[in-house]
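Trainee: Got a structure here, written out as structure tokens. Questions coming.
The values are calculated or read from the model by the stated rules, or taken from the named source; none is laboratory data. Every value quoted in this text rests on a predicted model; they were computed, and no experiment measured them. Neighbour counts are summed over all protein chains in view; Cβ atoms, including those assigned to glycine, are modelled from backbone coordinates with ideal geometry. These accessible areas exclude ligands, DNA and RNA; they are computed on the full protein's heavy atoms, side chains included. Shrake-Rupley method; radii C 1.70, N 1.55, O 1.52, S 1.80 Å.
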Amino acid sequence: MLTAAALHADVRLAPLFQDHAVLQRGKPVPVWGLADPGEAVMVEFKGRSVSATADADGRWRVRLPAMEADAKGARLVVRGKNRLTLDDIVVGDVWLCSGQSNMEWTVENSTQAGEEIASATNPLIREFKIVRAVSEKPLFEGKGQWRPCSKKSVRKFTAVGYFFAREIYENLKVPVGLINSTWGGTRIEFWMSSEALASTKANAGIQARWINRLNSYPGAYKKWEIDNARWEQEQRLASRQGTAFTARRPLPPEGPGSRNMPSGLYNGMINPLVPYGLAGVLWWQGEHSTDRPDWYQELFPVMIKQWRAAFGQGDLPFYYVQLASYEAGNDKTRQQWAFLREAQMVGRNLPNTGMVVSLDIGKERDIHPPDKQVIGRRLACAALAKTYGKTMQWEGPRMERIGRNPRGIRIIFKNAEGLACLDEPVRGFEIAGADHVFREVPARIDGDSVLLDLPQGTVAEAVRYCWWNFTARPMHNAAGFPAEPFRTDKWPMPR
């Protein structure tokens, strides 16, 4: 087969390198693309010049020396057998925003969208939205376009990413680039390389689930054809009769080549970005993985390590969002989201990571809480404190230890200055005995602690806090960050 370079004799850049791009400050900047095998390629930017020779597959890569932030747009020139010129290239911080629909959620669909759009006039905040792509093999290139922030363009920006970038810019005054690689309704294993998946115990179950989907696809598709034909017939009948018709068209099943392919999104939407210079990663995903928190607990740190190894920039900062409150499922599945939140906590065991809690913004019947400003700000606080060295609060109260006495239980929290709750009495605390049946108990705040006053003779083998899919109005500290859910037991999730 002909290589991509053989089909494109002229030297060309990877699609991330376009007019208006943001290059990462403070570290060598990889620039790469395709040319004829053996072709000499030179890249010039801001008085610096580096060169490389395309390999046998026509691939070439150079590294520009590390640069300081610069908001003044400059020209980047690439010379081979032809000449490419990119304009308005700035140097700042680039953050990769990835995950599923809550990270994909746009500014125009967020709270107070009209006011946010009207005030969005900072062209030094820019987004590259990679086009959705699924692939069995890692792709070298992806499609997308850099867009400076304006009242017109910001509508389609990732809302969490934009509100994060706005906070970062206001504090640091450096250009901020967002690479938006998101797809709603996706599991974590879709975003991992096949090699990373193969290293996990969960891989066997993941591959079996995919094979089952492929095997059932022909029958599912035939059923969809029948259901869709019936839907169209009913719609036509309603139109002729002039009656309302509100039934939704049935969705076709997703089979071969769909987003459900393990590693398919990593291959199509992350690998083409490697090894672009990054300041870090923002991640919001998990809603579609709540049925297997045990898998998630193993996969999440493996994914973080694999992405860091792929980009080759050390322990890139990785900040992520714990699932918000949402009343999903039925009585048997009312705790799935709580167990997935617990699985997400394992990411904190790795260096340069941070988890922000979103329990307080969740909507009971809406999986997409619209108040993305809060989450963007919390992620920015994490980055400002941990990556940029600012002295500021970024975490909510977290259970530190539990003490018992004849009258009850005292739960001590850290990050708990000004511990308070909008509800009185405090809700969400449960205890269980040997029967493993949890019952809510009265709770009251005492400084940085919560006291559970138990009837004499009560035996509490386990304590849980906010251990449900949906939790209204959790406790918070004086800085407004909500308390984390927790449990003291290791009992398995009910199925």
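Trainee: Can you bin every Cα-Cα distance in region 110-248 into 5 Å intervals starting at zero and give me the percent of pairs per bin, rounded to whole numbers?
Mentor: Result returned by the calculation: 2, 7, 12, 11, 10, 10, 12, 13, 12, 7, 3, 1, 0.
Trainee: Moving on to the next point. Tell me, what ³J(HN,Hα) does each residue in region 284-293 have, in order and in whole Hz, if you take phi through Karplus 6.51 cos²θ - 1.76 cosθ + 1.60 with θ = phi - 60° and put x for Gly and Pro?
Mentor: 9, 7, x, 4, 8, 10, 6, 6, 9, x
Trainee: Measure up Lys27/Lys143; Lys27/Lys129; Lys72/Lys305 against 27 Å on the Cα-Cα distance and list the ones that go over. Write down the numbers at each step before the final one.
Mentor: On the way: Lys27/Lys143 25 Å; Lys27/Lys129 23 Å; Lys72/Lys305 34 Å.
Cα-Cα > 27 Å for Lys72/Lys305; rest within.
Trainee: Are there GluC sites (Glu not before Pro) in region 57-120 that DSSP marks as loop and that have at most 11 other Cβ atoms within 10 Å, and which are they?
Mentor: Values: sites: Glu68, Glu104, Glu108, Glu115, Glu116; in loops: Glu68.
In loop regions of region 57-120 (DSSP not H, G, I, E or B), the sparsely surrounded GluC sites (Glu not before Pro) are Glu68.
Trainee: A follow-up question, please. Just to confirm my numbers, what's the Cα centroid distance between region 52-105 and region 408-433 in Å?
Mentor: 49
Trainee: What is the diffusion coefficient of region 253-309 in µm²/s, taking the Kirkwood radius over Cα pairs and the Stokes-Einstein relation at 37 °C with a viscosity of 0.692 mPa s? Walk me through the intermediate numbers first.
Mentor: Working: Rh = 13.2 Å.
Diffusion coefficient, whole number: 248 µm²/s.
Trainee: How large is the helix-only mean residue ellipticity at 222 nm for the chain, computed as the sum of -39500 (n - 2.57) over DSSP H runs with n ≥ 4, divided by its residue count, in deg cm²/dmol to the nearest 500? All intermediate terms of the calculation are to be shown ahead of the outcome.
Mentor: Numbers: 9 runs with 115 residues, N = 495.
Mean residue ellipticity at 222 nm (helix-derived): -7500 deg cm²/dmol.
Trainee: Write down the percent of antiparallel bridges among all DSSP beta bridges whose residues are both part of the chain, to the nearest 5.
Mentor: Values: 56 of 83 bridges.
If we restrict to bridges inside the chain, about 65 percent are antiparallel.
Trainee: Would you mind classifying region 157-227 by shape? Square roots of the alpha carbon gyration tensor eigenvalues, ordered a ≥ b ≥ c; an a/c under 1.5 is rounded, otherwise it is prolate if a/b is larger than b/c and oblate if not. Numbers along the way, then the final one.
Mentor: Values: a/c = 5.27, a/b = 1.95, b/c = 2.70.
Taking the square roots of the gyration eigenvalues as a ≥ b ≥ c, region 157-227 is oblate.
Trainee: Can you give me the angle between helix 159-172 and the longest principal axis of the chain, using Cα atoms only, in degrees from 0 to 90, rounded to the nearest 10?
Mentor: Approximately 80 degrees, to the nearest 10.
Trainee: Please list the non-local residues whose amide H lies under 5 Å from the amide H of Gly433, H modeled 1.01 Å from N, same-chain partners needing a gap of 5 or more.
Mentor: Distant-sequence amide H within range of Gly433: Glu461.
Trainee: Can you give me the relative contact order of the chain as a percent, contacts being Cα pairs under 8 Å and 6 or more apart?
Mentor: Relative contact order here is 13 percent.
Trainee: Moving to a separate point now. What does the extension gain come out to for Asp453 and Tyr221, with contour length at 0.36 nm per residue minus their alpha carbon separation?
Mentor: Values: separation 232, 0.36 × 232 = 83.52 nm, distance 5.73 nm.
Gain on extension, Asp453 to Tyr221, equals 77.8 nm.
Trainee: Next question, about the same structure. Given the convex hull over the Cα atoms of region 405-495, what projected area results after averaging over all orientations, in nm²? Don't jump to the answer; show the numbers that get you there.
Mentor: On the way: hull surface 25.3 nm².
Spelled out: convex hull of the Cα atoms, projected over all directions, averaged, 6.3 nm².
Trainee: Stokes-Einstein diffusion coefficient for region 119-172 at 4 °C in a medium of 1.567 mPa s, Rh from the Kirkwood formula over Cα pairs: what value in µm²/s? Walk me through the numbers on the way to the answer.
Mentor: On the way: Rh = 12.5 Å.
Roughly 103 µm²/s, to the nearest whole number.
Trainee: Let me ask something else. How large is ³J(HN,Hα) for each residue in region 221-229, as worked out from phi by the Karplus curve 6.51 cos²θ - 1.76 cosθ + 1.60 (θ = phi - 60°), to whole Hz, x for Gly and Pro?
Mentor: Once rounded to whole Hz, the list reads 5, 4, 4, 4, 4, 5, 5, 5, 5.
Trainee: Any chance you could tell me what percent of the C-alpha pair distances in region 19-101 go past 18 Å? Numbers along the way, then the final one.
Mentor: Numbers: 1537 of 3403 pairs.
Pairs farther apart than 18 Å: 45 percent.
Trainee: Using only the alpha carbon atoms of the chain, find the Kirkwood hydrodynamic radius as the inverse mean reciprocal pair distance, in angstroms to one decimal.
Mentor: Numbers: mean 1/r = 0.0401 Å⁻¹.
After inverting the pairwise mean of 1/r, the radius is 24.9 Å.
Trainee: Next question. Using only Cα atoms, what is the ratio of the radius of gyration of region 57-157 to 2.2 N^0.38 Å? Don't jump to the answer; show the numbers that get you there.
Mentor: On the way: Rg = 16.9 Å, N = 101, 2.2 N^0.38 = 12.7 Å.
Region 57-157 yields a ratio of 1.33.
Trainee: For the charge dipole of the chain, defined by +1 on Lys and Arg C-beta atoms and -1 on Asp and Glu C-beta atoms about the Cα centroid, which residue among Trp60, Val94, Pro148 has the Cα displaced farthest towards the positive pole?
Mentor: Trp60
Trainee: If I take R0 = 41 Å and measure r between the Cβ atoms of His436 and Lys173 in this structure, what FRET efficiency does the formula 1/(1 + (r/R0)^6) give, to the nearest 0.05? Present the calculation step by step, with values, prior to reporting the outcome.
Mentor: On the way: r = 54 Å, r/R0 = 1.33.
After rounding to 0.05, the efficiency reads 0.15.
Trainee: Ignoring ligands, DNA and RNA, what percent of the accessible area of the chain is carbon or sulfur (1.4 Å)?
Mentor: Numbers: 10950 of 22010 Å².
Within the chain, the accessible surface is 50 percent carbon and sulfur.
Trainee: Now a separate question. Specify, per residue and in Å³, the volume enclosed by the convex hull of the alpha carbon atoms belonging to region 239-377.
Mentor: Details: hull volume 25.7 nm³, N = 139.
Hull volume normalised by residue count: 185 Å³.
Trainee: When the chain is fully extended, how far beyond the present Cα-Cα distance does Gln145 get from Trp231, taking 0.36 nm per residue of separation?
Mentor: Values: separation 86, 0.36 × 86 = 30.96 nm, distance 3.80 nm.
Extra length from Gln145 to Trp231 when fully extended: 27.2 nm.
Trainee: How large is the charge dipole for region 70-128, taken about the Cα centre, if only the Cβ atoms of Lys, Arg (+1) and Asp, Glu (-1) carry charge, to the nearest 20 debye?
Mentor: Approximately 660 debye in magnitude.
Trainee: Note the full-extension length gain between Thr111 and Thr391 as 0.36 nm times their separation in residues minus their Cα-Cα distance, in nm to one decimal.
Mentor: Values: separation 280, 0.36 × 280 = 100.80 nm, distance 2.87 nm.
Residue separation times 0.36 nm, minus the Cα-Cα distance, leaves 97.9 nm.
Trainee: Where only protein heavy atoms count, and the probe is 1.4 Å, what is the accessible area per residue for the chain in Å²?
Mentor: Values: 22010 Å² over 495 residues.
That works out to 44 Å² for each residue.
Trainee: On to the next question. For Lys372, give me every one of the aspartates and glutamates with a C-alpha distance below 15 angstrom, ignoring sequence neighbours fewer than eight places off in its own chain.
Mentor: Glu104, Glu108, Glu115, Glu116, Glu167, Asp360
Trainee: Roughly how many debye, to the nearest 20, is the charge dipole of the chain about its Cα centre, given +1 on each Lys and Arg Cβ, -1 on each Asp and Glu Cβ, and no other charges? Walk me through the intermediate numbers first.
Mentor: Working: 65 positive and 54 negative charges, 131 e Å.
Charge dipole of the chain: 620 debye, to the nearest 20.
Trainee: So if R0 is 51 Å, what FRET efficiency would Ala74 and Lys201 give, r being the distance between their Cβ atoms, rounded to the nearest 0.05? All intermediate terms of the calculation are to be shown ahead of the outcome.
Mentor: Details: r = 49 Å, r/R0 = 0.96.
Plugging the Cβ-Cβ distance into 1/(1 + (r/R0)^6) gives 0.55.
Trainee: Calculate the dipole size of region 361-458 relative to its Cα centre from +1 charges on Lys and Arg beta carbons and -1 charges on Asp and Glu beta carbons; express the result in debye to the nearest 20. Intermediate values should be presented prior to the final figure.
Mentor: Working: 16 positive and 14 negative charges, 84 e Å.
Charge dipole, region 361-458, about its Cα centre: 400 debye, nearest 20.
Trainee: How far is it, in nm, from the label point at Asp423 to the one at Ala9 when both lie 7 Å from their Cα along the line to the Cβ?
Mentor: 7.1
Trainee: Now for a different question. Residue by residue through region 69-79, which ³J(HN,Hα) values in whole Hz follow from phi under the Karplus form 6.51 cos²θ - 1.76 cosθ + 1.60 (θ = phi - 60°), with glycine and proline marked x?
Mentor: Running phi through 6.51 cos²θ - 1.76 cosθ + 1.60 with θ = phi - 60° gives 4, 8, 7, 7, x, 10, 9, 10, 10, 10, 10 Hz.
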